[in-house]
Amino acid sequence: MQHISADVVVCGGGPAGINAALAAGRSGARTVLIERYGFLGGMSTAALVYPWMTFHTTAGKQVIAGTAQEIVERLMAADASPGHVRDTVGFVRTITPYDPEVYKVLIVDMLREAGVRVLLHSLMDEAVMDGDRISAIRLATKSGRYEVSARQFVDTTGDADLAQLSGVPCLKGRDGDRLTQPMTMKFRMRGVDLDKVKRYMLEHPDEFYPKTPFSELEELPLSGVLGYFKHWQEANLPINRDQVLFFTGPGRDEVLVNTTRVQGLDATVLDDLTEGEVQGRKQVLMVADFMKRHLPGFEGASLSSVGAQIGVRESRRIEGQYTLQVSDVVEGRAFDDCIARSGYPIDIHDPSGKGVQAAWVQGDGAYDIPYRCLVPKRVVNLLVAGRCISTSHEALATTRLTPSCMATGQAAGTAAGLAFEQDTLPHALDVRQLQDRLLANGALLHSSQAVYETI
């Protein structure tokens, strides 16, 4: 077995893992980022999760910045993102389109600038324990088995894989039946006449989401569409959803379709995940054919790409020192140990029905994510970030969104670097020192920091 030694190991190269590794690497810790695919980006690239939603509150205050905002600005400089734009679906204030192929290259450049060693095509499948500590993880690779040792570990796998392997108690799904939010196979179509789509929306507003900003739609660039209720109902496809949802870009005639829905399967069970991939791809062909045949603006469109894997909204989540509750979100609760904020509403895709449950954040439109949600029970040198932090099923419906995962990733990587620097354990850190370092690196942790945009 081959050996690698590091100070901080980050498992999972998605939005949370990228930001965690950047933060740890920039702290001076020898950092290794491990990813099973041959590229980084996680759900943003492998599953075509697009665009990023959202860096702002519904009133237009930016509440997520830091390394996530830096990535957006680097993409903008590369002409690979327009930055934050108005959401013409109307569900949130802003969304952030980006070119995933440029993103794949850019983030590797950024990680290398930070001194991070990136290991692609590396499947983490074992945790080596020394009492209540992880001493190393083991990887299956094309060149044989590797053992990677470190002082601090960060689980950004999305599915809490490292946490589960190391003995952290985990939860899954909603209370009672443990059903999770459905999986979605996303796909892109080219050759879409977006001007015709907008004209149809303006002429038939009753067929689209009521929060669509119709009074401004004539002037706004079309960024997303939710509706075509009549067409969808008449088609009567065997998909348990009640509308069509797509987002425009990055090409001028291109859309990303988020309409398939695979329910009742567990993304951490091999046979279920296999079946989800099969069902999802069959649904893609059905939905794409329906859109070409029936939706105004899609007459000349064609299916151009499908996710390398199905998109997973929910799987395992850890039991941490604190479990974020739905009331914390909707009441816009503040926490003394806040390490990130979010303005994304509760957004639960029904695990068994057709609809989506939504609830908006009160107060100033944002809620705090406490550090304790990143600190698991039982394993003392592990932090968790991204989709699998400690939340209830309902609160996960907002913390799972990409910008929130980026923000918790930066916090976890910063904490891991700080813990290594101080030769201590994550739970023993002075949270004020962690907050000071996050603030120094651009994070927004207080309502007084948030600034109104003109978007």
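Dipole check for the chain: with +1 at the C-beta of Lys and Arg, -1 at the C-beta of Asp and Glu, and the Cα centre as origin, the magnitude is about 560 Debye.
What the Cβ-Cβ distance of Arg112 and Asn240 gives, at R0 = 56 Å and to the nearest 0.05, is a FRET efficiency of 0.80. Run the quick spin-label model on Leu202 and Leu123: label points 7 Å from Cα toward the beta carbon, then report their separation in nm to one decimal. Roughly 5.2 nm, to one decimal. What fraction of the Cα pairs in the stretch 5-96, stated in percent, has a spacing above 14 angstrom? The proportion of pairs with Cα distances above 14 Å equals 70 percent. Just to check, using Stokes-Einstein with a Kirkwood Rh over alpha carbon pairs, what's the diffusion coefficient of the stretch 97-136 at 37 °C and 0.692 mPa s in µm²/s? The Stokes-Einstein estimate is 253 µm²/s. Mind giving me the FRET efficiency for Asp336 and His294? R0 is 60 Å, r the Cβ-Cβ distance, nearest 0.05 is fine. The calculated FRET efficiency here is 0.65.
For the stretch 310-455, what class follows from the C-alpha gyration tensor (a ≥ b ≥ c being the square roots of its eigenvalues): rounded when a/c is under 1.5, otherwise prolate if a/b is larger than b/c, else oblate? Note, shape of the stretch 310-455 comes out oblate. At an R0 of 35 angstrom, the distance between the Cβ atoms of Asp195 and Gln362 translates into a FRET efficiency of 0.40. Any idea what diffusion coefficient the stretch 187-306 gets from Stokes-Einstein, in µm²/s, Kirkwood Rh on alpha carbon pairs, 4 °C, 1.567 mPa s? The estimated diffusion coefficient comes to 86 µm²/s.
Sorted on the mean count of surrounding Cβ atoms within 10 Å across their residues, most packed first, peptides 101-107, 86-92 read 86-92, 101-107. Every Cα-Cα pair of the stretch 126-194 was included, and the share exceeding 20 Å stands at 53 percent. Our estimate of slack between Leu285 and Ser143, defined as 0.36 nm per intervening residue step minus the Cα-Cα distance, is 47.4 nm. Listed by chain and number, the lysines placed with their C-alpha closer than 18 angstrom to that of Lys211 are Lys198, Lys230; residues fewer than eight positions away on the same chain are left out. A dipole drawn for the stretch 187-306 from +1 and -1 charges on Cβ atoms has a positive end, and of Ala301, His204, Val287 the residue lying farthest that way is Ala301. Charge tally around Asp193: other residues with Cβ under 10 Å, Lys/Arg +1 each, Asp/Glu -1 each, net 0.
Rg of the Cα atoms in the stretch 47-180, relative to 2.2 N^0.38 Å, amounts to 1.34.
Label reach from Gln2 (point 7 Å along Cα→C-beta): in the stretch 33-48, amide nitrogens under 20 Å belong to 33-40. Semi-axis lengths, largest first, of the ellipsoid equivalent to the stretch 191-250 are 20, 13, 10 Å, with √(5λ) applied to each eigenvalue of the Cα gyration tensor. Only alpha carbons enter this Debye calculation for the chain, each as an equal point scatterer, and the log10 of I(q)/I(0) it gives at q = 0.11, 0.12 Å⁻¹ is -0.82, -0.98.
If one computes the Cα centroid of the stretch 241-294 and of the stretch 5-70, what distance in Å separates the two points? What the calculation gives is 25 Å, centre to centre. The packing ranking, built from the mean of other Cβ atoms within 10 Å per residue, places the peptides 241-247, 366-372, 393-399 in the order 366-372, 393-399, 241-247, highest first. Model label sites at Glu101 and His446, defined 7 Å from Cα along the beta-carbon direction, differ in position by 4.5 nm.
Taking Cβ atoms as reference points and 11 Å as the exclusive limit, the residues near Gly38 contribute a net charge of +2, counting Lys and Arg as +1 and Asp and Glu as -1.
Where a number appears in this text, it was derived from the coordinates with a stated rule and is not lab data. None of the values given here were measured: they were computed from a predicted structure. As a convention, Cβ positions derive from the backbone with ideal geometry for all residues, glycine included, and neighbour counts pool all protein chains shown.
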